[in-house]
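Beneath this line is the structure, given in structure tokens, with notes to follow.
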Amino acid sequence: MAIRKKPLSAQKGASAPPVEATAEAPATRLKPERSRAGANTVRAKAKPGAVTNAQLREANEYLVVAAVRAQTMAEDAERATAQMAYMAEHDYLTGLPNRSLLTDRLAQSIALAQRHGTRVALMYLDIDHFKQINDTHGHTIGDALLQSTAERLQACVRLSDTVCRQGGDEFIVLLADVETAQDAARTAKKLIETMAKPHRLGGLELRVTLSIGISVYPDDGKEVETVLKNADVAMYHAKRSGRNNYQIYTPNINVRATARRSVEEVLTHALDQCQFVLYYQPKVNLDSGAITGAEALLRLQQADHSLVSPAQFVGIAEGCGLILPIGQWALREACRQMAAWLHDGLCIERIAVNVSPVELHNRDFLASVRNILLDTGLAPHHLELELTESALLHDTAQMTTTLGALKTLGVMLAVDDFGTGYSSLSYLRRFPIDTLKIDHTIVQDIDSDTKDTAIVSAIIAMGRSLQMQVVAEGIETGQQLAYLQTQHCPEGQGHFFSRAVPAEEFAALLGTDLKSPRSEIAKNAASFAPFEPGLSKRLPGD
């Protein structure tokens, strides 16, 4: 019989469960994995160079990028610094040097002139009536005009000269090397002529003028600020002398400037104290001698009741802006007086009021005329506004709008001082003009100058063909009247008929025949007195 053997473990009395044996197998199977991981670790430790090179390459790439960025930032900082330095010395709108850079260049030019015994000229320029352009057309057109001005000024001077924008509508031109002030004067004439050409901006055609003041080193000052100040003083003298001109600095300009400031104070006081008055000069039918209308003429009445001619203060009032309230007062008073005459049953067709170019280009002018007519109750067709030819030629687009609106309102329009140098058939066709007033200087020479006689005849014929009324101003002799009658001039005014008289005396003239020389009222009309205080006589250049 076969004997069955026990397992070895049983034989030896082993007590471990069979699970141990089964657990041992997986443990044995894990050994190769641990071995491979260990091998990888060993290999990693064995090749440290491969990882370090990769890190170095990556670090080098970062360094290159950082270096490029640093260089770019440095270049950007350089450009920003250069741009800031440029902006600190140049005008942002025109790109021209500003006051700071000009002062530096002027100092250098003066130093060189002192060393070589030469002269330096400085021109201070201002665009006439620029504010009106800004107010009428907006700042975009105003900025475009400043840029156009900068280009034209630069085109007129040498490369060695400097054109700078002082600010607003003011420019300065530095002529680094001149022999006399007349060299600068020639350049000033060139600048004025260049600026007078039309500026075509945004569909508009603008005509502008310059006022220029000139000072010269060392004649008018040996310091930078003195030369600048004297050029500025001369420029303001040019503006107060009618604009569109240049003035060379002279010591007595300061005296005139002081006198003008005194006049400005007097005008301000006269407005506050109601010292302005209107006198009225008859307009006469040259065939019948009947008074058909009146021209209202402004006077300043001094404390002693003497009268000051507007020729002595209107230019100053225009320069300082007082012409706007003065003109508005004159228009309102003339309309009030005309309405009173009509209410009293006096026979008079219309009253004429002079309008300054400054008033005409003011954007509130049209509304002011409407309000005054409404307040005084005067029908528009009884009012005639007298305009200068120079005012019509400035900014024709705006003039077309303004004059068209006045015409639609029913106001009559006249061109004053016609034939004095600006006459143009084109604006007579473009604008709704009703009346041409022949300038008194032409009429006064009828007696002696055959050319003026021909001019008067031509204006009368032209007015007739254009269906415009013609008025001859400044009639002083029977011979002048006789000639105008032969040419069938419809109306006239002048001392032959009557001087300008107060409202009460004008009312007494109505209904009289002024075909014969001067009535007693006209003979006794007041004459002008010197302007006091401030001006004992008419200022030079006014």
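The values are calculated or read from the model by the stated rules, or taken from the named source; none is laboratory data. All of these numbers come straight from a predicted model, not from anything done at the bench. Note that each Cβ is placed from the backbone with ideal geometry, even for glycine, and that neighbours are counted across all protein chains shown.
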Legend entry - Contacts under 6 angstrom Cβ, first residue in segment 324-336 being within 16 Å of R363 (Cα to Cα), partner outside any helix (DSSP H, G or I), 6 or more apart: G327/S356
Inset, instruction - Kindly check whether there is at least one residue in segment 312-324 that is of a type in the set (D, E, K, R), buried (at least 21 other Cβ atoms within 10 Å of the Cβ) and in contact with a Gly (Cβ under 8 Å, 6 or more places away or on another chain). - result: no
Legend entry - Residue under evaluation C156, criteria (1) more than 16 Å from the chain's Cα centre (by Cα); (2) closer than 23 Å to A107 by Cβ, criterion not met: (2)
Inset, instruction - Residue by residue through segment 92-119, note down the ones that are in a loop (DSSP other than H, G, I, E, B), closer than 15 Å to D219 by Cα and in contact with a helix residue (DSSP H, G or I) (Cβ under 8 Å, 6 or more places away or on another chain). - result: T118
Legend entry - Residue within segment 435-450 that is outside any loop (DSSP other than H, G, I, E, B), at pLDDT below 95 and surrounded by fewer than 13 Cβ atoms within 10 Å (Cβ to Cβ) present: yes
Legend entry - Wholly enclosed helices (runs of 4 or more DSSP H) of segment 120-203 bearing at least 2 residues under 19 Å from I214 (Cα atoms), in the same structural domain as S241 (by TED's automatic domain parsing) and in contact with a helix residue (DSSP H, G or I) (Cβ under 9 Å, 6 or more places away or on another chain): 139-156, 181-196
Inset, instruction - Spot the failing condition for E359; the list is (1) of a type in the set (D, E, K, R); (2) closer than 19 Å to D272 by Cβ; (3) surrounded by 22 or more Cβ atoms within 10 Å (Cβ to Cβ), and only one is missed. - result: (2)
Legend entry - Exclusive hit being closer than 22 Å to A150 by Cβ and touching a Cys at 6+ places or on another chain (Cβ under 9 Å), set L174, L210, L228, L204: L174
Inset, instruction - Please indicate, with yes or no, whether at least one residue in segment 386-398 is in contact with a Lys or Arg (Cβ under 9 Å, 6 or more places away or on another chain), charged (D, E, K, R) and within 18 Å of L204 (Cα to Cα). - result: yes
Inset, instruction - Exactly one condition in (1) closer than 30 Å to T402 by Cβ; (2) of a type in the set (F, W, Y); (3) without any contact (Cβ under 8 Å) to a residue 12 or more places away in the chain is not met by F130; state its number. - result: (3)
Legend entry - Every residue from segment 263-291 that is within 30 Å of L484 (Cα to Cα), aliphatic (A, V, I, L, M) and out of contact with any helix residue (DSSP H, G or I) (no Cβ under 7 Å at 6 or more places or on another chain): V284, A290
Inset, instruction - Name, by its number, the condition in (1) aliphatic (A, V, I, L, M); (2) surrounded by fewer than 17 Cβ atoms within 10 Å (Cβ to Cβ); (3) modelled with pLDDT under 90 that does not hold for A482. - result: (3)
Inset, instruction - State which residue pairs qualify: first residue not assigned by TED's automatic domain parsing to the domain that holds I323 and inside segment 284-301, second residue of a type in the set (V, I, T) and modelled with pLDDT of 90 or more in any location, beta carbons under 8 Å apart, and separation of 6 or more residues or different chains. - result: none
Legend entry - Selection within segment 329-354 - among the aliphatic types (A, V, I, L, M), surrounded by 22 or more Cβ atoms within 10 Å (Cβ to Cβ) and either touching a helix residue (DSSP H, G or I) at 6+ places or on another chain (Cβ under 8 Å) or over 24 Å from V471 (Cβ atoms) (or both): L331, M338, I351, V353
